[in-house]
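Undergrad: Dropping the structure in here first, questions after.
The values are calculated or read from the model by the stated rules, or taken from the named source; none is laboratory data. Given the structure is predicted, the values throughout are model-derived calculations rather than measurements. Note that we place each Cβ from the backbone using ideal geometry, even for glycine, and neighbour counts take in every protein chain shown.
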Amino acid sequence: MIVLIRLIATSLPLIVVPALAANTAMQTGVTNVGPAAFIFTIAGALLLTLIFRSAASHVMRIITCRIGALRIRRALEARSPDVLHDFILPGAYGGLVKIDHAILTAGGILCIQTKHYNGIVFGGEDEAQWTNVDGTLRRRFLNPLIQNEGRTRALQNVVPDVPVANVVVFTGSVEFPTPPPKNVIRVGNVDSFIAKFVFGPSKVKDWDAAWLTVKSAALTDEATRKDLQAQIA
């Protein structure tokens, strides 16, 4: 459905402009517009389509990204009451890191990074960069598993005795031409993934205390967010 809406939105000028031109000619009685005028109209429609497509694609990406963010939050919160979103921790190697989501499960904690892309995603577990192809748009991005590894270790430092797993969730409409790494999933598979996920052995006896430690360490204040932005900049 979202793909269809994107296609209609980005092609709107090409559909509307020639129709408006024909309608105007009929209303004014000017019917002998000739091939040149028709070609000019089509060229104008194509130009408007290119401009409109860029703007429409940007708007649609923002909308679908927000829908994806809402979906992952709802999926996690439906699974467990012990969930944290969008918080900051001291980095494992210094500085600060932002963790998208963390959820306490029966066997440990999942440290989740979300990525929003549409189209096809290529990438192996050990590759430094992955590739996204969305229509005519092709872009490279950092391997999200490697990117999230430092965040996972930062969370592990807070609760050393608790198993912490590195998980990446794609919230857009993506396809993988080859099977992705086992800890890379789509947002629609979150619930079943958590239900089947198996951690290693754990010595934790008081899970409530462990999760309280994570909550106490999580930084969400505005001053810390500004420090993180300064670090990124």
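Undergrad: Is at least one residue of region 74-84 exposed (fewer than 13 other Cβ atoms within 10 Å of the Cβ), of a type outside the set (D, E, K, R) and at pLDDT 75 or above?
TA: Restricting attention to region 74-84, the residues satisfying the condition of being exposed (fewer than 13 other Cβ atoms within 10 Å of the Cβ) are 74, 78, 81.
Now restrict to residues that are of a type outside the set (D, E, K, R): 78, 81.
From the residues that got through so far, the ones that are at pLDDT 75 or above too are 78, 81.
Yes, the conditions are met somewhere in region 74-84.
Undergrad: With the requirement that a residue be β-branched (V, I, T), buried (at least 19 other Cβ atoms within 10 Å of the Cβ) and more than 20 Å from G68 (Cα to Cα), what does region 106-150 give you? Quick ask: steps written out before the conclusion?
TA: Within region 106-150, the first condition is being β-branched (V, I, T), and the residues that meet it are 109, 112, 114, 120-121, 131, 133, 136, 146.
Those left that are additionally buried (at least 19 other Cβ atoms within 10 Å of the Cβ): 109, 112, 114, 121.
Residue satisfying the conditions is I109 alone.
Undergrad: While we're looking at this one, here's another question. Hey, H85 hits all of (1) within 30 Å of L212 (Cβ to Cβ); (2) part of a helix (DSSP H, G or I); (3) under 15 Å from the mean Cα position of the chain (by Cα) but one; which does it fall short on?
TA: (2)
Table: residues versus (1) in a strand (DSSP E or B); (2) in contact (Cβ under 8 Å) with a residue 40 or more places away in the chain.
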site: P81; (1), (2): no, no
site: I99; (1), (2): yes, yes
site: I103; (1), (2): yes, yes
site: A106; (1), (2): no, no
site: C111; (1), (2): yes, yes
site: E125; (1), (2): no, yes
site: T131; (1), (2): yes, no
site: F141; (1), (2): yes, no
site: N148; (1), (2): no, no
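Undergrad: Checking T152 against (1) hydroxyl-bearing (S, T, Y); (2) under 19 Å from the mean Cα position of the chain (by Cα); (3) assigned to a loop (DSSP other than H, G, I, E, B), which test does it fail?
TA: (3)
Undergrad: Same structure, new question: Condition first: surrounded by 13 or more Cβ atoms within 10 Å (Cβ to Cβ), within 27 Å of the chain's Cα centre (by Cα) and either among the aliphatic types (A, V, I, L, M) or not assigned by TED's automatic domain parsing to the domain that holds Q156 (or both). Now tell me which residues in region 204-230 satisfy that.
TA: Scanning region 204-230 gives V214, A217, A218, L219, L228.
Undergrad: Additional query: Under 7 Å between Cβ atoms, which residue pairs at least 6 apart in sequence (or on different chains) link something in region 186-203 that is farther than 25 Å from C65 by Cα with a partner that is of a type outside the set (G, A, S) and assigned to a loop (DSSP other than H, G, I, E, B)?
TA: F197/T105; F199/P163; G200/P163; S202/V162; S202/P163; K203/D161
Undergrad: R153 - would you say it is surrounded by fewer than 19 Cβ atoms within 10 Å (Cβ to Cβ), closer than 27 Å to E222 by Cβ and either at pLDDT 95 or above or touching a His at 6+ places or on another chain (Cβ under 6 Å) (or both)? Even if it seems obvious, please write down each step before you answer.
TA: Working: surrounded by fewer than 19 Cβ atoms within 10 Å (Cβ to Cβ): yes; closer than 27 Å to E222 by Cβ: yes; either at pLDDT 95 or above or touching a His at 6+ places or on another chain (Cβ under 6 Å) (or both): yes.
Taking the combined requirement at face value, the residue satisfies it.
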